[in-house]
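The values are calculated or read from the model by the stated rules, or taken from the named source; none is laboratory data. Worth saying up front: this structure is predicted, and the values here are computed from it rather than measured. Cβ atoms come from the backbone with ideal geometry, glycine included; neighbour counts cover every protein chain shown.
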Amino acid sequence: MKKIRTRIAPSPTGSPHIGTAYIALLNFCFARTNNGKVILRLEDTDRLRSKRKFEKKILESLDWLGLKWDEGPDIGGKFGPYRQSERNEIYKKYVEKLINSGKVFKCYRTSKELEKLRKCKFDKALKEKDLQLDYKELKFRKKYKWPYVIRLKVPNKGVCVFNDVLRGKIKMNWSQVDSQILIKSDGTPTYHLANVVDDYLMGISNVIRGEEWINSTPKHKLIYEYLGWKFPEVCHLPLLRNTDRSKLSKRKQNNSLEYYRKMGYLPQTIRNYLGSIAGIKNSIKENFSIEDINVDLQSISLGGPIFDLDKLTWLNGIYIRSMEDKTLIKVMYEWAKDYIYKIFPSIKPRIKILTDIIPFSEHLFSGLPNLKTEDFKVISLKTTLQIKVLKVLWLQLEYIEKWEKVTILYKVKQLSNHFKIKMKTIMAPIFIAINGRLISTSVIETLGIIGKDITRIRLEQAINILGGITLEQEKKIIKEYYKKICK
Ligand code: GLU
């Protein structure tokens, strides 16, 4: 019988998303149903955006969810290393093969030229013949060692056909497929090359991934063919959707696994809820364990599973209430422990007796403060300006790399310069939005403790309570903001 090996292959370029958990869960369930193995591979070919801190978060979050991989960068395995940046020598060997068999070509085009070419092609795929330089120019660029990339030769005509477990035969015209870059000008591989080589060398029998990769599959299949390898079974899962059927985006909502953990969702709720919306029949039981479930990929509906936060919260409540007291106390303690360590330095200087801890720390623990429109009425700034302040604050905080008090304070000072409003005045709506009241511990400290995700939902809540903003207004604020900072 065929040995089943699946993989989860996250790119460590951001905090792990609920979508990462969904794809990972199905890979695990499928492997376990078939007595197979799951490999965790870090796809860090984007050297600029990949970060060790995100790797750590991915591993921690998946572990928190109860997914235990059989091979991976932390535990090793026969097919390692499991981090792509450590496999460059391996990829070189296969590129050599492709060069020798004439399946790839060097491309010396500059990015400006490529941009122009794309415009001329009206967004049609770029092929080898479009990218060719005349003989003299090519000789010149070679002689003076211009940077080049290595691209895949893709047929100009014909149809690529591949089978998808969920969708059956998928056909794509080769005329629409670009001559994909396999090796970048710095000599490192792109995702496409590394992904195919690793799937093959790691013995992956079933590639189970999100449907956003369907368009890449013809290129991947071609690399398999050129290298004389057998193409694995592929299954592209429909992406998670919001209740209004829009795609669950990374930016629009708080969908990082860390956020759910911080808010007090249980790992089994996330696991079981994701399992149930994916169509895994026995996942909704409280004691659903990945080890004893049955998943048939073909039975997954193509409609796009709906991720309904209200249902998730309802299910979490059921699980919490059905827990044995002893277990729940342990869970509560573990959850609170993380916070207590963080809030300790901020409350210690303020308390005299232990019961003071509660009023001083409530806003540090809770998800959303209990706010009403009247709470903002005491502030001397107009409501529309308060909304703008809170929106621009988020624009400034969103891309902070190191979420630390000093950086946050610096950003708030910039905010005061941006609006030409004194620090004390501009801080007022922030205090209410974040701390829930004007008199409280330092709001900068709170921001540092609650983290980015919870900051975002508190700011969003405050903006909505103040009357909200339309998409148009939001766009205008963003435009004005960038205009000013770009001056
Ligand atoms: N590194 C890709 C991602 O993070 C994985 C794509 C795949 O599974 O082939 O989405």
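Values for this structure:
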quantity	calculated
Members of segment 25-56 found to be touching a Pro at 6+ places or on another chain (Cβ under 8 Å), part of a helix (DSSP H, G or I) and within 14 Å of the ligand (Cβ to nearest atom), listed by number	Phe54, Glu55
Complete set of residues in segment 342-377 that are among the basic types (Lys, Arg) and touching a residue at least 60 places away in the same chain (Cβ under 8 Å)	Lys342, Arg350, Lys372
Residue check, Lys157 in a loop (DSSP other than H, G, I, E, B), of a type outside the set (Phe, Trp, Tyr) and surrounded by 11 or more Cβ atoms within 10 Å (Cβ to Cβ)	no
Count of segment 6-15 residues which are touching a Phe, Trp or Tyr at 6+ places or on another chain (Cβ under 8 Å) and either within 12 Å of the ligand (Cβ to nearest atom) or on the phi > 0 side of the Ramachandran plot (or both)	6
Residue in segment 159-166 that is within 16 Å of the ligand (Cβ to nearest atom) and farther than 25 Å from Gly36 by Cα present	no
Close pairs (8 angstrom Cβ cut-off, 6 or more residues apart or separate chains): in contact (Cβ under 8 Å) with a residue 60 or more places away in the chain in segment 42-55, aromatic (Phe, Trp, Tyr) and within 11 Å of the ligand (Cβ to nearest atom) anywhere	Glu43/Tyr191; Thr45/Tyr191; Asp46/Tyr191
Residue ID - modelled with the lowest pLDDT, chosen from residues in segment 250-290 that are among the basic types (Lys, Arg) and more than 19 Å from the chain's Cα centre (by Cα)	Lys285
Residues that are part of a loop (DSSP other than H, G, I, E, B), under 16 Å from Asp199 (Cα atoms) and not charged (D, E, K, R), drawn from segment 1-24	Ile4, Ala9, Pro10, Ser11
Top-ranked residue of segment 188-216 - restricted to ones that are polar (S, T, N, Q) and near the ligand (Cβ under 9 Å from one of its atoms), ranked as farthest from Pro81 (Cα to Cα)	Ser216
Single unsatisfied condition, Ile430 versus (1) within 26 Å of Asp356 (Cβ to Cβ); (2) in a helix (DSSP H, G or I); (3) modelled with pLDDT under 90	(3)
Subset of segment 217-238 [away from the ligand (no atom under 12 Å from the Cβ) and part of a helix (DSSP H, G or I)]	Pro218, Lys221, Leu222, Ile223, Tyr224, Glu225, Tyr226
Total residues in segment 75-102, condition touching a residue at least 12 places away in the same chain (Cβ under 8 Å), assigned to a loop (DSSP other than H, G, I, E, B) and out of contact with any Asp or Glu (no Cβ under 9 Å at 6 or more places or on another chain)	2
Residue that is farthest from the chain's Cα centre (by Cα) [pool: residues in segment 355-374 that are farther than 17 Å from Thr441 by Cβ and assigned to a helix (DSSP H, G or I)]	Glu374
Segment 225-257, residues that are buried (at least 16 other Cβ atoms within 10 Å of the Cβ) and among the hydroxyl-bearing types (Ser, Thr, Tyr)	Tyr226, Ser256
Among the candidates Lys97, Lys103, Lys119, Lys124, residue that is at pLDDT 95 or above, more than 18 Å from Met202 (Cα to Cα), loosely packed, with under 15 Cβ neighbours inside 10 Å and not small (Gly, Ala, Ser)	Lys97
The lone exception for Asp130 - which of (1) in a helix (DSSP H, G or I); (2) modelled with pLDDT of 90 or more; (3) under 35 Å from the mean Cα position of the chain (by Cα) it fails	(2)
Looking only at segment 49-94, and only at residues there that are more than 20 Å from the chain's Cα centre (by Cα) and among the aliphatic types (A, V, I, L, M), the one that is surrounded by the most Cβ atoms within 10 Å (Cβ to Cβ)	Ile90
